[in-house]
Each structure stands twice: as C-alpha cells, then as structure tokens.
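The values are calculated or read from the model by the stated rules, or taken from the named source; none is laboratory data. What you see is a predicted model, and the numbers here were worked out from it, not measured in a lab. Cβ placement follows ideal geometry from the backbone for every residue including glycine, while neighbour counts extend to all protein chains displayed.
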Amino acid sequence: MASATLSARMPRSWVSALNGRYHRAALTAFMVVVLAHWAEHVAQAIEVWGLGWKVPQSRGLLGLAFPWLVKSEAMHYGYALIMLVALWLLRHGFTGRARRWWNLALGIQFWHHLEHLLLLAQATAGVYFFGAKVPTSILQQFFPRVELHLFYNTIVTIPMVVAVLLHRRPNATERAEASCSCAHATAA
C-alpha cells in the first residue's frame, strides 16, 4: 500500500517533474542564465560602440578575464546547444498562447544552433566556407558577426519573454491545462 501511494506521488519521469512541480524553479534558473548571457553581449556592445574598441578586443565581461572563451567556437556552440535543449525540455510546461511563443523561440534557436554548428565544424576542420579566412556562418556573409549575434539573441529572447509573461498570467483554459504552478494566483 505504501509503495502504491509513493509511486502515485512520484513523477513519471524527470522531464515530467521539470515541467510540473519544478517548472518555476527550472524556468527561473534558465532565465538567469539567459540574462547573464545578455550581460555579456551588452558589455561587448558597450566596448564596441561606447568605448570604440575594435571587435577582437571587445570580449564582454568574462572574455576580458578569460580571452580564450570568446575565441572558442566550442564554447559558443555549447551555449547555443544548452539554449536549444532547455527550450525543448521546458516547452512541455507551457500551454496555449505561451506554448506558441515558446515554440517560436525554439524554432529560431534551432536555426541559431545550426549556424553555430557550422562555425564549430569549420573551426574544428580548419576549412572555412564561403571563401572566408575565418569560420563564417551563412548569414554572416551578409551581416557582421557581432551585430548578427545580437540580432539572433534578440529574436530568440523576445518570444521567450512573451511566452514567460503569458505563462505566468494564463487565461482560464490555459490555467486548467497547466501542469505546473507558475501562474500568479491573482491571474484572471
């Protein structure tokens, strides 16, 4: 009897738990990581456009202390992959309008991840595409890398933030479908 009660309370899987009782904590932790990443990009933007540093010298906060980080395509790809995996894993906790916006962020991040995979493959092989002298992504042929990366992060972050706001303030139907307790108690 005790084991039946225990198994009824246990989540079917860790993904179910992540999108159920731990969704708020996981989502908060993920958004902290996203904000820290943005802090790095804002610092780099200040270095480039505010302080007039050349792009190779503008490395963001961590890059100033650890210059190899900025030059590591593996680190950039790793972050893109972590973002993709987190967006995929946490999506099951979203319903309705929030799920649509989260899926949009996931789709954009999938493309962003492919661009970083292309850069990593070139850096690893030492063979550069598009006649370039350095690893070059598809859209980097048309846009400078710093600006392109800021654009990618912006178009992933906007639907993510919209999704989180809608998720925290669901309508009655979305609240009834929710498997987590992320919604504010006072939401309509």
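Is it the case that I82 is of a type in the set (V, I, T), surrounded by fewer than 18 Cβ atoms within 10 Å (Cβ to Cβ), modelled with pLDDT of 90 or more and farther than 17 Å from Y152 by Cβ?
Considered against the rule, which asks whether it is of a type in the set (V, I, T), surrounded by fewer than 18 Cβ atoms within 10 Å (Cβ to Cβ), modelled with pLDDT of 90 or more and farther than 17 Å from Y152 by Cβ, I82 comes out as no.
Here are some residues: A105, A39, A29. Which one is within 30 Å of S179 (Cα to Cα), exposed (fewer than 14 other Cβ atoms within 10 Å of the Cβ), of a type outside the set (V, I, T) and under 14 Å from the mean Cα position of the chain (by Cα)?
Exactly one of A105, A39, A29 is within 30 Å of S179 (Cα to Cα), exposed (fewer than 14 other Cβ atoms within 10 Å of the Cβ), of a type outside the set (V, I, T) and under 14 Å from the mean Cα position of the chain (by Cα), namely A29.
Please work out if H112 is without any contact (Cβ under 8 Å) to a residue 60 or more places away in the chain, touching a His at 6+ places or on another chain (Cβ under 7 Å), closer than 22 Å to V42 by Cα and not in a loop (DSSP other than H, G, I, E, B).
For H112, the condition - without any contact (Cβ under 8 Å) to a residue 60 or more places away in the chain, touching a His at 6+ places or on another chain (Cβ under 7 Å), closer than 22 Å to V42 by Cα and not in a loop (DSSP other than H, G, I, E, B) - is not met.
Failed condition for W68, given (1) under 21 Å from T136 (Cα atoms); (2) at pLDDT 90 or above; (3) of a type in the set (F, W, Y), with all others met?
(2)
Would you point out which residue out of V15, V34 is among the β-branched types (V, I, T), under 24 Å from R168 (Cα atoms) and modelled with pLDDT under 90?
On inspection, the qualifying residue turns out to be V15.
Inspect the range 168-175 for any residue being closer than 26 Å to V42 by Cα and either touching a Cys at 6+ places or on another chain (Cβ under 8 Å) or surrounded by 16 or more Cβ atoms within 10 Å (Cβ to Cβ) (or both) and give the result as yes or no.
For the range 168-175, residues closer than 26 Å to V42 by Cα and either touching a Cys at 6+ places or on another chain (Cβ under 8 Å) or surrounded by 16 or more Cβ atoms within 10 Å (Cβ to Cβ) (or both): absent.
Exactly one condition in (1) polar (S, T, N, Q); (2) loosely packed, with under 12 Cβ neighbours inside 10 Å; (3) part of a loop (DSSP other than H, G, I, E, B) is false for T136; which is it?
The one condition T136 does not meet is (2).
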